[in-house]
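What follows is a set of notes on a single structure, which appears directly below.
The values are calculated or read from the model by the stated rules, or taken from the named source; none is laboratory data. Here the structure is a predicted model, which is why all the values come from computation and not from measurement. Cβ atoms come from the backbone with ideal geometry, glycine included; neighbour counts cover every protein chain shown.
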Amino acid sequence: MPVSLADLRRYAIDSSLFPPATLKRAIDRLGFVQADPIRAPARAQDLTLRHRVRGYRAGDLERRYATLGVEEDTFI
């Protein structure tokens, strides 16, 4: 069955834009969050999570990292 561009768009939106969740649930659903120390205009993780986590504030990921049960990794 061929997949249309509209189908691909719908899949991308459904997979990445979802109702606000907890920080842990958002990370679990996304699978990963790119953490970036450069603020131009803001850190990548804060831009990603602010629309996906209810009440998210810049720096919440760093403050709560140890309690989330997530791992840090790198892509090469």
Yes or no: Thr67 touching a strand residue (DSSP E or B) at 6+ places or on another chain (Cβ under 7 Å) and among the polar types (S, T, N, Q)? no
Does any residue of region 44-56 turn out to be surrounded by 13 or more Cβ atoms within 10 Å (Cβ to Cβ), in contact with a Gly (Cβ under 9 Å, 6 or more places away or on another chain) and either without any contact (Cβ under 8 Å) to a residue 60 or more places away in the chain or charged (D, E, K, R) (or both)? yes
Among the basic types (Lys, Arg) and more than 10 Å from the chain's Cα centre (by Cα) - does that describe any residue in region 42-53? yes
Pair list, Cβ < 9 Å and 6+ apart or interchain, from region 1-20 residues that are within 18 Å of Val33 (Cβ to Cβ) to residues that are at pLDDT 80 or above and among the small types (Gly, Ala, Ser): Phe18/Ala26; Pro20/Ala26; Pro20/Gly55
Which of the residues spanning region 54-73 are charged (D, E, K, R), part of a helix (DSSP H, G or I) and under 14 Å from the mean Cα position of the chain (by Cα)? Asp60, Glu62
Would you mind finding the one in Ala40, Ala6, Ala21, Ala66 that is at negative phi, surrounded by 10 or more Cβ atoms within 10 Å (Cβ to Cβ) and among the small types (Gly, Ala, Ser)? Ala21
State yes or no: is Ala6 touching a strand residue (DSSP E or B) at 6+ places or on another chain (Cβ under 7 Å) and either in a helix (DSSP H, G or I) or not small (Gly, Ala, Ser) (or both)? no
If you go through region 26-45, how many residues are in a loop (DSSP other than H, G, I, E, B) and of a type in the set (Val, Ile, Thr)? 2
